[in-house]
Each structure stands twice: as structure tokens, then as C-alpha cells.
Number of protein chains: 2
Amino acid sequence: MALPQKHFKRGSTKPELPEDGVLRFFSMAFCPFSHRVHLMLAAKQIEHHKIYVDLIEKPEWYKDYSPLGKVPAVQLTGVEDQPTLVESLIIAEYLDQQYPQTRLFPKDPLQKALDKILIERFAPVVSAIYPVLTCNPNAPTDAIPKFENALDVFEVELGKRGTPYFAGQSIGIVDYMIWPWFERFPSMKINTEQKYELDAKRFEKLLKWRDLMAQDEVVQKTALDVQLHAEFQKSKTLGNPQYDIAFKGKL
Amino acid sequence: MALPQKHFKRGSTKPELPEDGVLRFFSMAFCPFSHRVHLMLAAKQIEHHKIYVDLIEKPEWYKDYSPLGKVPAVQLTGVEDQPTLVESLIIAEYLDQQYPQTRLFPKDPLQKALDKILIERFAPVVSAIYPVLTCNPNAPTDAIPKFENALDVFEVELGKRGTPYFAGQSIGIVDYMIWPWFERFPSMKINTEQKYELDAKRFEKLLKWRDLMAQDEVVQKTALDVQLHAEFQKSKTLGNPQYDIAFKGKL
């Protein structure tokens, strides 16, 4: 059964979800944290139903699935009580263990801890650039320098690791967990007055990594066009977020 | 070699730490997140050196160990590059995997994910009560109702699980990860005007759990007296935090 490709809103009827043991992925098409889970599902080719949720006008019935109203959420239907998992990283680790084809987390406990710490260190990158990325007219003036300083950690780390991907010769968990923002950064060239782009010299290794990542099949499968990202953010700033433009030109 | 029992401050000389392969635990005696790691180390009887850090006037050399200046931090000395781990939950999971005697995280990936989500849901409890617990005179007036609503989740969950501990018949990861705040809550009876205590009826199961937890050997080994907690918080509010009172009456 195909679920409708639209973001369910306040006042919408609760969709009838098939009881077929297939997991249910609650998402918002432009949410970078949902994008993390989308990458995991695509990388592991895990069958799922996708239900889109309007995050501003949340459907009343959504709290039956995710008590805090957050996305991403993944509901397991094949097990007792049909629990819903939340928090992108917790979901990612669960999926990695439950679907061990293409392991993405390192097996070694120390490397795993170091990778998780590195992913945590992406939080200051996100919080610094968030107002700029979302076209907030009151973005702090020091947002971009703060963002670049936080991003330096990743440029340096790629150099230290000396490999094309954070995980080594092929893509791993750090690569996928930080990717969603790299897909979104180029929208700043469209949406900012100064046509902001990452400095080619300062972020040389990261930009090379970005080009490699962009060629990955899984990344391509989950990608939205930069024009769409820019358009969505503008619509959000104007108080009328156009969630469903994500489906423009798609089936 | 015994390291000094004091909180190292700005301007202090970097202590010479023994190169004996024993791990180094950087802590602040009253920090609940450090307490989580202390509980893990005690539960697993992991040998360690403990270095206390003044969090207000941080020693300059501390960033050599923990680049963000955060505690808790655990430096591994027996491995290449002597990496430092941060984030209490990441450290806890690493220690659980590396020292598998007394497993504290569930083995089942789903139960593990559910427990981690439950631990995440303690964050709103902490953020609501933090200003009250730390004697901030500008604590929001709705802090206590918000705190109690967030804590209800845990009362309900204990009922659902139907076991004395969150982990079942014996202590597990959720129990230890939320315990540090339960050790600190009674200080509100001393420090708040209304002599605040958890409601015996509303939190019946949690209070029973608290009494059981207080009898645990590991909990006792890492415990600080409620009077000390109260005294520390008052000293902090007065702008002169007395970190070292933690060692009152101890060796």
C-alpha cells in the first residue's frame, strides 16, 4: 500500500498503516536529522513505510507514535508493543546492529566511542550555522566565524585520519551522520546576501570529501536538490513552510 | 602514586601523571555527569587515577586532555595516542564493552535502544530542576511543576516494567545513569524555602526504587552526603564554590 506523499498536518485523519511487519519511518522531508535515518535505511536497503509529518502544525495523532512529537521516529511493528524509537543516533545504532549487512559503526569499542564523540562535536557546527541556514533574519553576526571554527575540527580530523572518508577507504557512520548538513550548506550560496560558500583552501579536504560523498549511491538516493532546500528555507522564514515541495518532480 | 585530593585550578602546575597504563578519570566531585562515570568505574572495579578539575577556574593545562574543557573525561593510557573520551554516556558504553564483567547495558539491541531513549528522557528532568537544585535565585516559577511532569515518565515506566530496578531484578544502566540526581534531590529540602521533597504518593515507586538504590554498595562507595551537596550549591551561588569540601571527613 502506498502512503500519500504529503506532510500530514493538524486536523488530518490518522492514516491507516499496514500491519505487515514493515517498519514505519516518520520523517519531515527537509529535516537533517530525519535525513540521517533515511541514509541508514537506504544504505542497508531496509524496507519501510514513510510517513511525513508537518512539524509546525503537527497532526494530533502523531503523539500516539512519538510522545514528544519529534522526528525522526521509527516504529517497529514486528515486535511486541510496537515500540517507537527516537533520536537519530540511537536509531542509527539500533539499525546497524539489527541489520548487520554493510556495518557502518566500527566494531572496535574504542573507535566506536571516538567516532561517536566526533559526531557529538558536529553539534556546535549545526548550532552555529542553524540561523544562517534557515534564513533567520536575526542570525548573530558571529554565526559564520563560529561555524567555521567548529568545522575546522573536521578538516583537521580528515587530515589526521589520512583517508578519503572519515571511516577509511569506504563510507562509515561519521560520514553519513554529518552528511545531511553538507547537502544543505550550498543553499547558503543562494540564500545569503554574500553568496556564502565554504572556503576552498581552509576546507580543502572536506570539500574533496564532499565531492566523493555526493557520488555515493545512497547519498544520491536520499538527496534533495539545493534549489529545493533554499526554496523551503525561504518559505519557512516567510511563515508558510512548503514541506511538500520536496516531492516536486518526484513520483 | 597518590594524586592530591584537590580540585586543580587556573594557574596550577600540571600534575605529573604516572605512566602505568592505568586510566585517568577527570572529574569534579559534585558534577552529576562525572558521578555517572564514577558509578561505572566502581561497579566494574576498574582501577583508575582520579584528577579533580575546578570547572569555574579551569587549569590551563586541562585542554591538553579534554579539548572542550569538559568533565567527565577518561584518558586511556594503555593505547596509542592516549585518547581522551568525553560525554558520560559514551564513556559508560565504552567501559561496559571494554570491561564486560557485570554487564550494565542490555545485550538485546532493541532493549538497549529503549534504555538509551529513556536516559535521554531524563534530560528534561535535569534541565527543569537545575536552577532550583543549584540555588539559582532566579529559578523560573514553573521549574518544579515542569520537573515533576518530566519525572512522571519515570514513575510510569517503573510501573510498566514492574520490577524493582529499571533494569529488572538487579541494577542496570538506566538506574546508574539517573541516580546522581536522586542523590542530589534531597538537598532541596535543605536549600529551598518550601523545604521541597518528592511527593510520597505521586512518586511512590520511584521513592521505593531510591531507597533500594541507596543500599547498593557501588552507590554507597560513590556517595556524598546531602549536607555536603547543599553546602556546595550554596557556596556556588555565593560566587565562591567550595569544591574541596567534598573531601571533608575523607582520606
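Inspection of segment A:126-138 finds no residue satisfying the criterion of being surrounded by 18 or more Cβ atoms within 10 Å (Cβ to Cβ), facing another protein chain (nearest Cβ under 10 Å), assigned to a helix (DSSP H, G or I) and within 16 Å of the chain's Cα centre (by Cα). As for segment A:61-74, it holds no residue that is farther than 15 Å from A:Leu17 by Cβ, aromatic (Phe, Trp, Tyr) and either buried (at least 20 other Cβ atoms within 10 Å of the Cβ) or more than 9 Å from chain B (Cβ to nearest Cβ) (or both). Of the residues making up segment A:211-250, those that are touching a residue at least 40 places away in the same chain (Cβ under 8 Å) and part of a loop (DSSP other than H, G, I, E, B) are A:Asp216, A:Thr222, A:Ala223, A:Leu224, A:Pro241, A:Lys250. Among the residues that make up segment B:88-99, is at least one of them under 16 Å from B:Gly172 (Cβ atoms) and in the same structural domain as B:Pro186 (by TED's automatic domain parsing)? No. Every listed requirement among (1) among the aromatic types (Phe, Trp, Tyr); (2) closer than 21 Å to B:Pro106 by Cβ; (3) not in a helix (DSSP H, G or I) is met by B:Tyr196 save one, (2).
Applying the criterion of being touching a strand residue (DSSP E or B) at 6+ places or on another chain (Cβ under 7 Å) and more than 8 Å from chain B (Cβ to nearest Cβ) to the residues of segment A:78-88, the residue that is nearest to A:Arg36 (Cα to Cα) is A:Thr84. Starting from residues that are surrounded by fewer than 18 Cβ atoms within 10 Å (Cβ to Cβ) and part of a helix (DSSP H, G or I), keep the ones in segment A:139-151 and report whichever is nearest to the other protein chains (Cβ to nearest Cβ). Here the answer is A:Asn149. Quick one: in segment B:32-45, of everything that is hydrophobic (A, V, I, L, M, F, W, C) and away from chain A (no Cβ under 14 Å), which residue is farthest from B:Asp216 (Cα to Cα)? Here the answer is B:Leu41. Within segment A:89-112, restricting attention to residues that are part of a helix (DSSP H, G or I), free of Cβ contacts under 8 Å to residues at least 40 places away in the same chain and under 18 Å from B:Tyr94 (Cα atoms), the residue that is farthest from the other protein chains (Cβ to nearest Cβ) is A:Gln111. If you go through segment A:115-125 and keep only what is surrounded by fewer than 20 Cβ atoms within 10 Å (Cβ to Cβ) and facing another protein chain (nearest Cβ under 7 Å), you end up with A:Ile117, A:Glu120.
Taken as a whole, segment B:18-25 holds no residue that is farther than 22 Å from B:Leu228 by Cα, touching a Lys or Arg at 6+ places or on another chain (Cβ under 6 Å) and surrounded by fewer than 16 Cβ atoms within 10 Å (Cβ to Cβ). Taking first residues from segment B:7-21 that are more than 12 Å from B:His48 (Cα to Cα) and partners that are in a loop (DSSP other than H, G, I, E, B) and of a type in the set (Gly, Ala, Ser), the Cβ contacts under 9 Å between residues at least 6 apart in sequence or on separate chains come to B:His7/B:Ala29.
Among the residues of segment A:156-204, which ones are of a type in the set (Asp, Glu) and under 26 Å from A:Gln227 (Cα atoms)? Residues satisfying the conditions are A:Asp175, A:Glu183, A:Glu193, A:Glu197, A:Asp199, A:Glu204.
For A:Phe154, all conditions in the list (1) away from chain B (no Cβ under 14 Å); (2) surrounded by 18 or more Cβ atoms within 10 Å (Cβ to Cβ); (3) of a type outside the set (Lys, Arg) hold save one; what is the number of the exception? The number of the failed condition is (1).
The values are calculated or read from the model by the stated rules, or taken from the named source; none is laboratory data. Nothing here was measured: the structure is a model prediction, and the numbers come from that model. All Cβ positions, glycine included, derive from the backbone under ideal geometry; neighbour counts span all protein chains shown.
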